[in-house]
Ligand SMILES: [Zn+2]
């Protein structure tokens, strides 16, 4: 549910639907909060609402600047930027490493991770300093009424408040993002810094552990001060450990070829099989999905789910051919990670393994999960290979 809003320097910019909700929430909070955190007392109220919306809009522009800072720096290092998507609280820059580089050079990665939060801190400091030098206070103008009587409109007199809000939010955002909690920017800075001395894998594991520890500290501080902080810390802890697991899975799957984990004795069904027969067949064999053949050649894929949509009374009239789906295939020499990503992209649980149009096996999500579990528990850690695409 993302909408493309612009293209900047060849990078498509998307806005996710959740982002619009947060935009409205921010505008609402600015509208109902009193000085200096909002425009509640602005007269007429419509001027207050306009100021609130404008502040929310400009704040999201600064979020985009944060993502652009990551992306444009990465681009200058030769990386390919697929897209920027603005999500619920912040954004994601999908950055692909330069060709032939499995991992980005740690110093470059450190700079890329740092660029985002740094851009917010600079914006924050500049805006607050502007208020300070122009109006004598970072909060802007405390006595707006006085300014209005001097001939300024209430709208222009409240612009310093807007500058204060944008400046302080940017400063907060910058400081928050730089916390060493992986996968937040600060955690990536830490990981890149560690990767200069250790292997990429060790660096990630250490960064994940430090991030978890930091979240716990943040949660404890939150319990005694602000419950929102505690809840946020919990989310950060979860995302750090999820990211850690994902990294481990990725590392394992990348080292394995599809042909080493696929199932070779594949049960197939003929496209002329009736739906009733198919359901009986599934009851006997107990697999959820099967390749469909026609004269011995694979022509499609059928799952129990496809059959479920047909009314029970109409099943006799249908054959597999009517309900089967297109095959999604993978080459036996592809990595298990490629198979995993392919399944994700098509939202399916199994792929047919094809070698020159000939089916040599089938690989399922369950096969991959079992492999991850076994490799993780019964074998020494593999070589250090890692993802080639990163999200900031
Ligand atoms: Zn960032």
field: Residues that are assigned to a helix (DSSP H, G or I) and away from the ligand (no atom under 14 Å from the Cβ), drawn from segment 191-206
entry: 193, 194, 195, 200, 201, 202, 203, 204, 205, 206
message: Restricting to segment 161-182, and then to whatever is more than 10 Å from the ligand (Cβ to nearest atom) and more than 30 Å from residue 47 (Cα to Cα), can you tell me which residue is nearest to the chain's Cα centre (by Cα)?
response: 182
message: Go through (1) at positive phi; (2) in a strand (DSSP E or B) for residue 94 and report which single condition fails.
response: (1)
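Right, residue 2: within 15 Å of the ligand (Cβ to nearest atom), over 22 Å from residue 123 (Cα atoms) and surrounded by 15 or more Cβ atoms within 10 Å (Cβ to Cβ) or not?
Working: within 15 Å of the ligand (Cβ to nearest atom): no; over 22 Å from residue 123 (Cα atoms): yes; surrounded by 15 or more Cβ atoms within 10 Å (Cβ to Cβ): yes.
No; evaluated as a whole, the condition is false for this residue.
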- request: Look through 58, 54, 73 and report the one residue that is within 15 Å of the ligand (Cβ to nearest atom) and at pLDDT 85 or above.
  value: 73
message: Just to check your reading of the model, which residue among 271, 242 is within 20 Å of the chain's Cα centre (by Cα) and free of Cβ contacts under 8 Å to residues at least 60 places away in the same chain?
response: 242
- request: Look at residue 56 and say whether it is part of a helix (DSSP H, G or I) and surrounded by 19 or more Cβ atoms within 10 Å (Cβ to Cβ).
  value: yes
query: Just one of the numbered conditions (1) within 30 Å of residue 31 (Cα to Cα); (2) within 16 Å of the ligand (Cβ to nearest atom); (3) modelled with pLDDT of 80 or more is not true of residue 128; which one?
result: (2)
statement: The condition from (1) surrounded by fewer than 19 Cβ atoms within 10 Å (Cβ to Cβ); (2) within 15 Å of the ligand (Cβ to nearest atom); (3) at pLDDT 90 or above that residue 115 misses is numbered (1)
query: Out of (1) crowded, with 20+ Cβ neighbours inside 10 Å; (2) away from the ligand (no atom under 16 Å from the Cβ), what's the single condition that is false for residue 46?
result: (1)
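The values are calculated or read from the model by the stated rules, or taken from the named source; none is laboratory data. For clarity, every value in this text was computed on a predicted model and none was experimentally measured. FYI the Cβ positions are ideal-geometry reconstructions off the backbone, even for glycines, and counts take in every protein chain you see.
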